[in-house]
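**Student:** Sharing a structure with you now.
The values are calculated or read from the model by the stated rules, or taken from the named source; none is laboratory data. Treat the numbers as computed from the prediction; the structure is a model and nothing was measured. Please note: Cβ atoms are built from the backbone with ideal geometry, for glycine as well, and neighbour counts cover all protein chains shown. Heads up: the accessible areas ignore ligands, DNA and RNA and are worked out on the full protein's heavy atoms, side chains in. Shrake-Rupley method; radii C 1.70, N 1.55, O 1.52, S 1.80 Å.
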Amino acid sequence: MTTTSTASEDSSRLAQFEARIAADESIEPKDWMPERYRKQLIRMMAQHAHSEVVGMLPEGNWITRAPTLRRKMVLLAKVQDEAGHGLYIYCGTETLGVDRHDLVQELLDGKAKYSSIFNYPTLTWADIGAIGWLVDGAAIVNQTMLAKASFGPYARAMVRICKEENFHKRQGYEIMATLARGTGAQRAMAQDALNRWWWPSLMMFGPHDKDSTNSDELMRWGIKRKSNDELRQRFVNMTIVQAQAIDLTVPDADLKYNEMTGDWETGPIDWDEFWRVVKGNGPCNKERLDARRKADADGAWVRAAASAYVEKHA
Ligand code: BYC
């Protein structure tokens, strides 16, 4: 694209691009953009799309075991929404000149990242409540910020996704609230789910700012508007109050309220665990990738039939 352009043309385009970012203009697919901006967006959006798709697996595990018909219908709708989110974001990523099949192949080859949170098992029904409340809750905090991202297709996808995530969070919190005011065993199940999902949910926001390799660039270009730690803190402040409202306790002996800042300050996050999971050695990494590979193989005949149909009618 820029092979014939001179260095001075490129630097003037870069200056124009940066002026547009500074003026909070939306960057659209056909606009000129630095190659690095394009690459960063492809990286982040592809990881996000993969997370939505892999994220269906932990909850999908409970569709056949939901305790009532109503719970089953809600869970089915939620899991289908996640598939839709994956599709919107893969579409958005394709506006940057990549093919989603290549992105999916990278996931299947174990080369692409997806959110660490989906490598934990869903052991009880309360885990479905905890995922909706905490995981979708964390995703909303992150994605509300991304709805203001400088790249138009990503920002617009986030607006719609956030609306659906709000419903997901409400359904999860309602499951937790119901269990928390139920029998002793139900209450214990809710507390156990919170104990297991709390720290992995905090890890969803990524490493501390000082260790975040991409943040400076992403923030300079208006892709991220807030840092990993700022968003994590916002999530903690919201969630502690919600836990108190249903008489559950987060598993953190060091948690304390800072009167000066108004923040709930947590104890240290286990970053060794985070990197173990990100690098493929979490409790369910293998199971998740195996499931995606199986789905891909099982669907091969559908793709072959669809492309044969298209070729025949071309
Ligand atoms: N897991 O420089 P940093 C959902 C990687 S799904 C794995 O701070 P960045 C839902 C990071 O990629 C919603 N890897 O990165 C679905 C980087 O490695 P590379 C999921 C992580 O990009 C179904 C390295 O660590 N949301 O809601 O500035 C059911 C250094 O990090 C993680 C999104 O995907 C992690 N948690 O910031 C229910 C949001 N964190 O790529 C719910 C979009 C970091 O340089 N993504 N890494 O090799 C983002 O907002 C940002 O990419 C992150 C990380 C905040 C995640």
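**Student:** Test Asp298 against the criterion of being within 30 Å of Gly86 (Cβ to Cβ) and either surrounded by 13 or more Cβ atoms within 10 Å (Cβ to Cβ) or within 16 Å of the ligand (Cβ to nearest atom) (or both), and give yes or no. Give the derivation first.
**Tutor:** On the way: within 30 Å of Gly86 (Cβ to Cβ): yes; either surrounded by 13 or more Cβ atoms within 10 Å (Cβ to Cβ) or within 16 Å of the ligand (Cβ to nearest atom) (or both): no.
So Asp298 fails the test.
**Student:** Okay, moving on. Identify, from the list Ile128, Ile89, the residue that is hydrophobic (A, V, I, L, M, F, W, C) and closer than 30 Å to Pro67 by Cβ.
**Tutor:** On the way: Ile89 fails: closer than 30 Å to Pro67 by Cβ.
Only one candidate passes the filter, namely Ile128.
**Student:** If Thr144 satisfies all but one of (1) closer than 22 Å to Thr122 by Cα; (2) touching a Cys at 6+ places or on another chain (Cβ under 6 Å), what's the number of the condition it fails?
**Tutor:** With (1) closer than 22 Å to Thr122 by Cα; (2) touching a Cys at 6+ places or on another chain (Cβ under 6 Å) applied to Thr144, the lone miss is (1).
**Student:** From the residues in the range 78-105 that are open to solvent by 30 Å² or more (accessible area, probe 1.4 Å), charged (D, E, K, R) and part of a helix (DSSP H, G or I), which one is farthest from Ala155 (Cα to Cα)?
**Tutor:** The qualifying residue farthest from Ala155 (Cα to Cα) is Asp102.
**Student:** When Lys169 is evaluated against the numbered criteria (1) of a type outside the set (Gly, Ala, Ser); (2) within 10 Å of the ligand (Cβ to nearest atom); (3) over 19 Å from Arg71 (Cα atoms); (4) open to solvent by 10 Å² or more (accessible area, probe 1.4 Å), which criterion, by number, is the only one it fails?
**Tutor:** Here Lys169 meets the rest and fails (3).
**Student:** Let me ask something else. Within the bounds of the range 30-44, is there any residue that is of a type outside the set (A, V, I, L, M, F, W, C) and within 10 Å of the ligand (Cβ to nearest atom)?
**Tutor:** Step one: of the range 30-44, the residues of a type outside the set (A, V, I, L, M, F, W, C) are 30-31, 34-40, 43.
Adding the requirement that they be within 10 Å of the ligand (Cβ to nearest atom) leaves 40, 43.
Yes, some residue in the range 30-44 is of a type outside the set (A, V, I, L, M, F, W, C) and within 10 Å of the ligand (Cβ to nearest atom).
**Student:** Is it the case that some residue within the range 17-25 is open to solvent by 70 Å² or more (accessible area, probe 1.4 Å), outside any helix (DSSP H, G or I) and within 18 Å of Leu146 (Cα to Cα)? I'd like the intermediate steps shown before the answer.
**Tutor:** Just the residues of the range 17-25 that are open to solvent by 70 Å² or more (accessible area, probe 1.4 Å), to begin with: 18, 22, 24-25.
Checking which are outside any helix (DSSP H, G or I) leaves us with 24-25.
Add one more test, that the residue is within 18 Å of Leu146 (Cα to Cα), and what stays is 24-25.
Checked the range 17-25: at least one residue is open to solvent by 70 Å² or more (accessible area, probe 1.4 Å), outside any helix (DSSP H, G or I) and within 18 Å of Leu146 (Cα to Cα).
**Student:** Output the residue which, of all residues in the range 172-206 that are within 12 Å of the ligand (Cβ to nearest atom) and open to solvent by less than 20 Å² (accessible area, probe 1.4 Å), is farthest from Asp136 (Cα to Cα).
**Tutor:** Step by step, filter the range 172-206, then rank; the result is Gly206.
**Student:** On to the next question. If Lys224 satisfies every condition in (1) charged (D, E, K, R); (2) near the ligand (Cβ under 9 Å from one of its atoms); (3) surrounded by fewer than 21 Cβ atoms within 10 Å (Cβ to Cβ) but one, which is the exception?
**Tutor:** With respect to (1) charged (D, E, K, R); (2) near the ligand (Cβ under 9 Å from one of its atoms); (3) surrounded by fewer than 21 Cβ atoms within 10 Å (Cβ to Cβ), Lys224 is out only on (3).
**Student:** When you go through (1) away from the ligand (no atom under 11 Å from the Cβ); (2) open to solvent by 20 Å² or more (accessible area, probe 1.4 Å) one by one for Leu108, which number turns out not to apply?
**Tutor:** (2)
**Student:** So which residues in the range 41-77 are closer than 15 Å to Cys284 by Cβ, open to solvent by 40 Å² or more (accessible area, probe 1.4 Å) and not in a helix (DSSP H, G or I), if there are any at all?
**Tutor:** Within the range 41-77, just Asn61 meets the criteria.
**Student:** Quick check, is Gly132 within 9 Å of the ligand (Cβ to nearest atom), surrounded by 21 or more Cβ atoms within 10 Å (Cβ to Cβ) and without any contact (Cβ under 8 Å) to a residue 24 or more places away in the chain? First the steps, then the outcome.
**Tutor:** Values: within 9 Å of the ligand (Cβ to nearest atom): yes; surrounded by 21 or more Cβ atoms within 10 Å (Cβ to Cβ): yes; without any contact (Cβ under 8 Å) to a residue 24 or more places away in the chain: no.
When the stated conditions are applied, Gly132 does not pass them.
**Student:** Moving to a separate point now. Looking at Ala138, Ala130, Ala147, which one is modelled with pLDDT of 95 or more, among the hydrophobic types (A, V, I, L, M, F, W, C), out of contact with any Pro (no Cβ under 7 Å at 6 or more places or on another chain) and more than 27 Å from Lys279 (Cα to Cα)?
**Tutor:** On the way: Ala138 fails: more than 27 Å from Lys279 (Cα to Cα); Ala130 fails: more than 27 Å from Lys279 (Cα to Cα).
Being modelled with pLDDT of 95 or more, among the hydrophobic types (A, V, I, L, M, F, W, C), out of contact with any Pro (no Cβ under 7 Å at 6 or more places or on another chain) and more than 27 Å from Lys279 (Cα to Cα) holds for just one of Ala138, Ala130, Ala147, which is Ala147.
**Student:** Let me ask something else. Can you go through Lys148, Lys163 and tell me which one is open to solvent by 20 Å² or more (accessible area, probe 1.4 Å), touching a residue at least 60 places away in the same chain (Cβ under 8 Å) and away from the ligand (no atom under 12 Å from the Cβ)?
**Tutor:** Values: Lys163 fails: touching a residue at least 60 places away in the same chain (Cβ under 8 Å).
The match here is Lys148.
**Student:** While we're looking at this one, here's another question. Could you tell me how many of the residues in the range 239-281 are within 30 Å of Gly184 (Cα to Cα), assigned to a helix (DSSP H, G or I), among the hydrophobic types (A, V, I, L, M, F, W, C) and open to solvent by 70 Å² or more (accessible area, probe 1.4 Å)?
**Tutor:** 2
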